[in-house]
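Report on the following structure.
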Amino acid sequence: MLAYGIGGPLSDRFPPRWLMCVALVATASGGFALLRNPSRSVLCCAYAYFGMTTILLFWSGMLKVTHALAGARRQSTAFGLLDAGRGLFAAIVATALTFLFGELLPSDQDASPQQLATALQMIIVVTMGLIAFTALLLPIALSQVGSQQVSKKNLLPTRSVLTQLLRRPSIWLHGLVVLCAYCGYKSVDNYGIYAADVYKTSDLAASQLTTLTFWARPVAAIGAGLVADRFGHFGSMTVLFILAALGNATFALLGPNHLPWLGLMMAAVCTAATFYGLRGIYFGVFDDLHIPPAFLGTAAGFVSLVGFLPDVFFGPITGYLIDEHPGQEGYRYVFTLVSCVSLVGLAACQLNVRYLTQR
């Protein structure tokens, strides 16, 4: 979480494409720590290291590059394509690596621990190679599409600049918007568990429901981006928050006796799509917030620091509610919470519109 705040100013000081390249090389190199049956402490350090390389050096630079390449009229479309591509590529790579993992194991008998370790090491090596190849490809790809727009060298933001940015209510309000949308995104993880615990479905059916919602991500992100660039970013986010609140209210009020399995699948996909759509929009509004391009990385880092706090607290809260109130009651509390959080995001959007209009 701290890396979000520190990485923003770094992306304003150094060319983002080279920061991203260094981040990919550093991330690939971290794979060596996983190849030799790491201890628990080494594993924890490795994942902390990955958190630093993928966020401190990469995240804000990626947002700044996307903003620069999108142009003034295609911000949400570009960020929608970014999120759709992330989701689609992750699904393809995970599927391919899972297939490779299975091929590396014996099919006629149970795999021994040594065979499992060898197969896993091969998966790690392939992943390291893929990341390293991307590091080589990235500077070339960006140079061909106008990376000169985002490679100018600037000074680190001064204290007065940071103070000026943090005094803007619009920055805090948009951080709250991202936080509310991200709570909803995290809640999608509960759909499969809800189906298994309340609808008493098989693990296979529950996993199929979750997979179906994942495949809605690219369509929702791209569609929301196109609509937002056509009809307005804040208006589109407002509509999506309303639909998200209604979808979670449906889960909270209706159960197996009133919402059949097919209805649950449709409601889950549509509600998940609203959160995927928000992810495709909420980083495309920096021009609307009147952020100077030279300090966009700093602003993006701070918004991310606030907006991604649910990574810390949302899982424990929902887990506590489900554990303390077994059965449908606990999930009703969870979905009611997400519905209320969506309404808070709606209010933050409207307050930001009012503030920016009066400014």
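Every number in this text was worked out from the coordinates using simple rules, so none of it is lab data. Treat the numbers as computed from the prediction; the structure is a model and nothing was measured. Cβ placement follows ideal geometry from the backbone for every residue including glycine, while neighbour counts extend to all protein chains displayed.
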>> Can you compute 3J(HN,Hα) from phi for each residue in the range 241-247, using the Karplus curve 6.51 cos²θ - 1.76 cosθ + 1.60 with θ = phi - 60°, rounded to whole Hz and x for Gly and Pro?
In response: 5, 4, 5, 5, 5, 5, x
> Taking R0 as 35 Å, what's the FRET efficiency between K200 and Q114 from their Cβ-Cβ distance, rounded to 0.05?
Replying inline: 0.35
> Where is the GNM fluctuation largest for the chain (alpha-carbon springs, 10 angstrom cutoff): D229, D83, D288?
Replying inline: D288
> Based on DSSP H runs of at least 4 residues, each adding -39500 (n - 2.57), what is the mean residue ellipticity at 222 nm of the chain after dividing by all its residues, to the nearest 500 deg cm²/dmol?
Replying inline: -26000 deg cm²/dmol
> What shape does the chain take by its C-alpha gyration tensor, where a ≥ b ≥ c are the square roots of the eigenvalues and a/c under 1.5 counts as rounded, a/b above b/c as prolate, and the rest as oblate?
Replying inline: oblate
> Using alpha carbon centroids, what distance separates the range 35-51 and the range 330-359, in Å?
Replying inline: 38 Å
> Under 5 Å between amide H atoms, partner at least 5 residues away or on a different chain: which partners does F283 have, H built in plane at 1.01 Å?
Replying inline: none
> So if R0 is 25 Å, what FRET efficiency would L212 and D311 give, r being the distance between their Cβ atoms, rounded to the nearest 0.05?
Replying inline: 0.55
>> What distance in nm lies between label points placed 7 Å from Cα along the C-beta direction at L69 and Q164?
In response: 2.9 nm
>> Give me the extension gain from I124 to L253: residue separation times 0.36 nm, minus the current Cα-Cα distance, reported in nm with one decimal.
In response: 42.0 nm
> Listing R332, R230 from the residue with the fewest other Cβ atoms within 10 Å to the one with the most, what is the order?
Replying inline: R230, R332
>> Let me make sure I get this right: for the range 202-359, a, b and c are the square roots of the gyration tensor eigenvalues over alpha carbons, sorted descending. Under 1.5 in a/c it's rounded, otherwise prolate if a/b > b/c, else oblate. Which is it?
In response: prolate
>> Neighbour counts of other C-beta atoms within 10 Å: give me V303, V353, V285 arranged from fewest to most.
In response: V353, V285, V303
> Which shape class applies to the range 42-106: rounded if a/c is under 1.5, otherwise prolate when a/b exceeds b/c and oblate if not, where a ≥ b ≥ c are the square roots of the Cα gyration tensor eigenvalues?
Replying inline: oblate
> Stretched out fully, how many nm does the piece from T357 to F101 gain, at 0.36 nm a residue minus the Cα gap?
Replying inline: 86.7 nm
